[in-house]
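What follows is one structure encoded as structure tokens, with my remarks underneath.
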Amino acid sequence: MSEHRFTLRLGDKRYPAQLAETPDPPRILYGIGDPSALVEGLGVVGARRATPYGLRCTRLFAGWAAGHGTSIISGAAIGCDREAHLAALDAGGNTLAVLGCGPDVDYPRRSAPLLAELRRCHVVVSECPFGQQPTRWSFVRRNRIIAGLARAVLVVEAGLPSGTFSTADAALDAGRDVLAVPGSVLSPESRGSNRLIRQGAIPITDVGELAQYLGLEGATPAAGDVAADDTLRALVADPMRPDDLARALGIDIVHTARTLGALEAAGHVVRYADGRYGIR
């Protein structure tokens with residue numbers, strides 16, 4: 001698909017309806033890609049200096065949601081944002097980026113290959129005109145668009161202070177739910193997400209809870225399948241080979257192999273080249 005530039009004015013038929021209904025919608029959206037990809041979805045945001053835990057949780061939840069038909073909306077920043085887009089792409093789902101600069105500007109530079117793919121096959125939008133470089137204020141303004149396009153915003157990992165809070169505030173202002181992944185009390189990068197939960201954000205601790213929120217309960221392993229639940233929890237923490245996983249869970253290797261096979265077929269886990277399994 002070739003690059004396609006477009007502008008959408010508030011009131012146009014193609015302007016995203018869910019964004020138009022927010023308290024402060026952008027008057028004009030500048031974009032590159034397919035404007036029909038601007039569908040309501042799940043906003044996924046988090047720390048730029050993401051920990052391995054944050055990146056794994058981002059990949060688990062964003063990848064699972066995208067693989068089951070939910071568009072992933074984020075800001076293409078280094079860390080959790082970028083991982084959310086990549087997880088959605090790997091799952092074969094839709095994802096869109098909202099930038100704090102012109103939609104044709106590669107910022108951050110390390111996200112240039114990702115942005116090129118999104119412009120070609122999905123969509124990148126901004127309220128900043130083409131060619132405009134980023135400013136500090138433009139990112140705060142950008143965050144309200146992420147929240148406005150989303151059905152809900154999932155905060156995977158956030159420290160204190162954190163720009164992620166502006167996205168959470170914008171979500172509340174727009175009448176959207178804020179979801180948050182709890183983290184270790186010892187991790188500085190989880191203090192913000194833990195505080196959001198304390199302030200009333202909906203905690204998301206596994207795929208089943210996210211599926212329930214999105215109304216996709218039937219797409220997850222049965223709630224009574226303790227082995228599947230334990231396997232997913234273990235692999236979020238650390239990708240493992242089947243024999244190592246069996247020892248960690250205290251179950252036999254045959255049952256472990258069957259569980260991994262079922263989870264792989266359902267798209268929940270992936271087998272790496274070195275024989276380890278991890279969250280898709």
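I'd like the orientation of helix 80-90 relative to the chain: the angle between its Cα long axis and the longest Cα principal axis, in ° from 0 to 90, rounded to 10. Long axis of 80-90 versus the principal axis of the chain: about 70 degrees.
The slack in the chain from ILE28 to ALA257, taken as 0.36 nm per residue of separation less the alpha-carbon distance, amounts to 77.2 nm. Determine, from the Cβ-Cβ distance of ARG233 and GLN199 and an R0 of 35 Å, the FRET efficiency 1/(1 + (r/R0)^6), rounded to the nearest 0.05. That pair, ARG233 with GLN199, gives E of 0.85. In units of the compact-protein estimate 2.2 N^0.38 Å, the chain shows a Cα radius of gyration of 1.01. Where Rh is the Kirkwood radius over the Cα pairs of segment 146-280, the temperature 20 °C and the viscosity 1.002 mPa s, what D in µm²/s does Stokes-Einstein return? Rounded, D is 131 µm²/s.
In plain terms, the chain from GLU40 to SER187 could stretch by 49.7 nm, reckoned as 0.36 nm per residue minus the Cα-Cα distance.
Binning the C-alpha pair distances of segment 113-203 at 5 Å intervals from 0 yields a P(r) profile of 3, 14, 19, 20, 19, 14, 9, 3, 0 %, listed from the shortest bin outward. Among beta bridges from DSSP that stay inside the chain, the antiparallel ones total about 40%. For segment 221-279, the percent of C-alpha pairs falling in each 10 Å distance bin, counted from 0 to the bin holding the largest distance, reads 25, 65, 10, 0. Largest first, the three principal axis extents of the alpha carbons in segment 1-156 are 40, 33, 29 Å in whole numbers. Given the -39500 (n - 2.57) contribution per DSSP H run of 4+ residues, what per-residue ellipticity at 222 nm results for the chain, rounded to the nearest 500 deg cm²/dmol? When only DSSP H runs of four or more count, the value is -12000 deg cm²/dmol.
Treating each Cα of segment 71-173 as an identical point scatterer and summing with the Debye formula, the log10 of I(q)/I(0) at q = 0.11, 0.13, 0.23 Å⁻¹ comes to -0.29, -0.41, -1.36. Using the Cβ of GLY69 as centre and a radius below 13 Å, the other residues enclosed give a net charge of 0, where K and R count +1 and D and E count -1. When the alpha carbon coordinates of segment 43-88 are projected onto the principal axes, the ranges are 28, 19, 13 Å, largest first.
Taking a Cβ cut-off of under 15 Å around ARG247, the surrounding Lys, Arg, Asp and Glu residues balance to a net charge of -3, with basic ones at +1 and acidic ones at -1.
Net charge of the neighbourhood of ARG56, taken over other residues with C-beta under 12 Å away and scored Lys/Arg +1, Asp/Glu -1, is 0.
Across the chain, Cα pairs under 8 Å and at least six residues apart give a relative contact order of 17 percent.
Only the coordinates and a few stated rules stand behind these numbers; no lab work does. Keep in mind that what you see is a predicted model, and the values were worked out from it rather than measured. When we count neighbours, we look across all protein chains shown, and the Cβ atoms used for this are built from the backbone with ideal geometry, even at glycine.
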